[in-house]
Amino acid sequence: MLGLLLTAAHLLAATQGAPPQIITHGARTRKWVVLSFDACETRKPAGYDAKIIDILTRTNTPATLFLGGHWMETHPSQTRALAANPLFELGDHSYLHPHMTKITTAQIDDDLRKTQAVHRQLTGREATLFRPPYGEYNATVLKEAARFGMQSVTWEVVTGDPDKHVQARDITRAVLRQTKPGSIVIMHVNGRGWHTAEALPAVIAGLKKKGYTFARLSETLK
Ligand SMILES: [Zn+2]
């Protein structure tokens, strides 16, 4: 009986595939790096750091942006413009930035569904990448994100840019020191990456000098 149960469970697992895993970096096979920017918004309004997008556009630097559902609702024109720019890949970053490991599965579903709906409404497509708020996840979060068609992604290189005391030179130094082939760098585009725009030209130039090219995350996962 136990054997039968195990076999049934095994078959079920096999048909469903392996449980989804978190992504912390892209393929190490090339000297490429993923610059990622979060646009988080809780109930408290957040902003849009247009300077960052200007620098990325001017330097022709691809990037991956994780947009909050509520953020997209309060920034519809910016969301549409980002979606129309082939340099950028857009993932979801939850609707209201909850601690996903502390809410129920039904609440996770509700949050992800709402975010995908806003994403679809504004850009005509749904996200395939999901960055859990605060980088907090567990097996349920990964599974629910997968149910909504998304692979969950955290990061490898922390810039610390949400801290006002982290200066532009600290951000640049952190990125240049920690980046390895395939690294995902996390920064913020919601106006709370205090010195991010100031650091970005040196970050891009420094990585280029080290021989890195820039890629959108999904390109590095193939
Ligand atoms: Zn966030």
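Limited to region 103-132, what total is found for residues that are under 26 Å from GLY17 (Cα atoms) and either within 16 Å of the ligand (Cβ to nearest atom) or basic (Lys, Arg) (or both)?
12
Quick check on this structure: which one of GLN151, GLN167 is touching a His at 6+ places or on another chain (Cβ under 7 Å), more than 16 Å from the ligand (Cβ to nearest atom) and modelled with pLDDT of 95 or more?
Among GLN151, GLN167, only GLN167 is touching a His at 6+ places or on another chain (Cβ under 7 Å), more than 16 Å from the ligand (Cβ to nearest atom) and modelled with pLDDT of 95 or more.
Quick check on this structure: which one of THR57, THR104 is closer than 21 Å to ALA199 by Cβ and open to solvent by 30 Å² or more (accessible area, probe 1.4 Å)?
THR57
Inside region 22-49, can you point out the residues that are in a loop (DSSP other than H, G, I, E, B), under 24 Å from HIS195 (Cβ atoms) and touching a Gly at 6+ places or on another chain (Cβ under 7 Å)?
CYS40, GLU41, ALA46, GLY47, TYR48, ASP49
Step by step: first the residues of region 136-148, then only those that are in a helix (DSSP H, G or I) and without any contact (Cβ under 8 Å) to a residue 40 or more places away in the chain, then the one that is nearest to the ligand (Cβ to nearest atom). Which residue is that?
If we take residues in region 136-148 being in a helix (DSSP H, G or I) and without any contact (Cβ under 8 Å) to a residue 40 or more places away in the chain, then GLU144 is nearest to the ligand (Cβ to nearest atom).
Would you mention how many residues in region 60-82 are touching a strand residue (DSSP E or B) at 6+ places or on another chain (Cβ under 6 Å) and open to solvent by 10 Å² or more (accessible area, probe 1.4 Å)?
Number of matching residues: 1.
LEU96 versus (1) open to solvent by 10 Å² or more (accessible area, probe 1.4 Å); (2) touching a Ser or Thr at 6+ places or on another chain (Cβ under 8 Å); (3) away from the ligand (no atom under 14 Å from the Cβ): which is the lone unmet condition?
Exception for LEU96: condition (3).
Modelled with pLDDT under 95 and crowded, with 19+ Cβ neighbours inside 10 Å: which single residue out of GLY193, GLY182 fits that description? Don't jump to the end; show me each part of the working.
On the way: GLY182 fails: modelled with pLDDT under 95.
Every option except GLY193 fails the conditions.
I'd like the full set of residues that are of a type in the set (Ser, Thr, Tyr), within 16 Å of the ligand (Cβ to nearest atom) and assigned to a loop (DSSP other than H, G, I, E, B), limited to region 177-199.
none
Determine which member of the set GLY211, GLY135, GLY206 is on the phi > 0 side of the Ramachandran plot and either polar (S, T, N, Q) or over 18 Å from the mean Cα position of the chain (by Cα) (or both).
GLY211
The values are calculated or read from the model by the stated rules, or taken from the named source; none is laboratory data. These figures come from a predicted structure and were not determined experimentally. Neighbour counts run over all protein chains shown; Cβ positions are idealised from the backbone, glycine included. Protein only, heavy atoms only, side chains kept; ligands, DNA and RNA dropped before computing areas. Shrake-Rupley method; radii C 1.70, N 1.55, O 1.52, S 1.80 Å.
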